[in-house]
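Right, one structure below, let's go through it.
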Amino acid sequence: AEALVGQATHVLPMCSAQGVANIVWALGTLSLQPPGALEKAMHARFAVTAADMTAQGIATFAWGHAALGIVPSHHAFQLLVARCVSLSTQMRAHEIAMTLWSVVSVANASTPKNAQRSQDPDNSDTLQWATQHQGTVQMVESLSSAGSSSSGTSSASIFDAQSVSMVLWAIASFSRLPPPSPPPSTAPPRAELSSHSRGAGMSQAQDTQEQDAQHQATSSHPSRAHMHVPAQRCSSKYARGAGWLRKSQSAGTATLLYRLLPRLQTCAPQFSPQDLATTYWCLATLGVVDDLASAALGRATRLALNKLNAQDISTIL
């Protein structure tokens with residue numbers, strides 16, 4: 001392992017865009033945490049080769065960082081956002097799923113512990129998180145829009161079972177990311193908040209905490225106030241889950257989720273035990289109530305019952 005890391009550090013300055021992606025993939029596959037020098041070299045070389053990255057290269061680069069729990073440097077992250085957005089329509093279904101899962105995983109790993117509670121918009125962690133959160137939203141929206149296409153190699157209708165599970169996890173986890181504090185120019189002092197604004201939004205932290213508490217109590221009766229998919233686009237079998245998304249969700253993820261539900265019904269028999277548990281958690285987190293999807297998951301769960309471990313059963317219940 002040490003020899004591999006040393007060799008990677010030596011060859012990185014000469015690597016092509018695909019070479020950079022391959023090195024990050026190898027480190028992620030082997031779970032080899034790169035030392036600081038190698039990590040800096042990876043990001044420096046990515047900055048040089050980003051314009052030559054293919055859709056597969058971007059998906060691989062993002063996945064490697066998610067697998068290792070590494071957050072790209074600020075400059076590398078900005079380049080990743082720009083390249084991901086520009087290539088999203090060229091990505092195949094599994095590349096969209098992998099990249100979506102990866103960027104949300106990195107966002108989860110990089111969320112400062114105080115991001116949800118910080119009241120200081122000048123806090124460095126809060127400012128850094130706000131910048132990265134904006135880039136994450138751009139990538140998620142772009143990838144979701146590409147995956148929502150009704151035809152082509154990126155269409156949600158051709159996602160395989162693993163891709164469906166990964167995308168559902170990304171959408172559900174994205175909905176739980178704490179929003180960054182507003183910038184100083186738009187953040188009113190807490191003392192100046194009116195009683196009306198306190199009732200409607202309160203502070204960012206209180207609002208997020210209340211949403212989580214209310215969601216647990218009302219997941220079977222989602223509110224229509226947070227709906228992003230127009231009601232007329234929902235057939236009768238989706239109508240009960242019309243409020244499946246929260247305020248933190250985007251229109252792109254709403255449409256992608258809508259298009260994924262029929263695919264979920266087809267892929268459910270192919271789900272692994274972990275995929276089944278993950279899918280149950282995602283639908284509960286998003287407040288999705290769909291009879292056909294629930295029936296398909298129920299049949300798949302009965303067939304896989306002897307393969308479920310204690311954690312899977314706990315998650316499903």
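Label separation (ALA3 vs TRP281): 3.9 nm, computed from points 7 Å beyond Cα along the C-beta direction. Each label point was placed 7 Å from the Cα along the Cα-to-Cβ direction; for ARG299 and GLN274 their separation is 2.6 nm.
Once the convex hull of the alpha carbons of the range 1-122 is built, what does its volume come to per residue, in cubic angstrom? Please report the intermediate quantities before stating the final value.
Values: hull volume 13.7 nm³, N = 122.
Output value, Cα hull per residue: 113 Å³.
Using 0.36 nm per residue and subtracting the Cα-Cα separation, the extra length available between ALA26 and ASP160 on full extension is 45.8 nm. The simple spin-label model puts a point 7 Å past each Cα toward its Cβ; for GLN311 and VAL48 those points are separated by 4.0 nm.
What separates the Cα centres of the range 35-56 and the range 292-317 is a distance of 41 Å.
Just so you know, all these numbers are worked out from the coordinates, no wet-lab data involved. Since the structure is predicted, the reported quantities are computational estimates derived from the model, not experimental observations. Quick reminder, even Gly has a Cβ in these numbers, built from the backbone with ideal geometry, and neighbours come from all protein chains shown.
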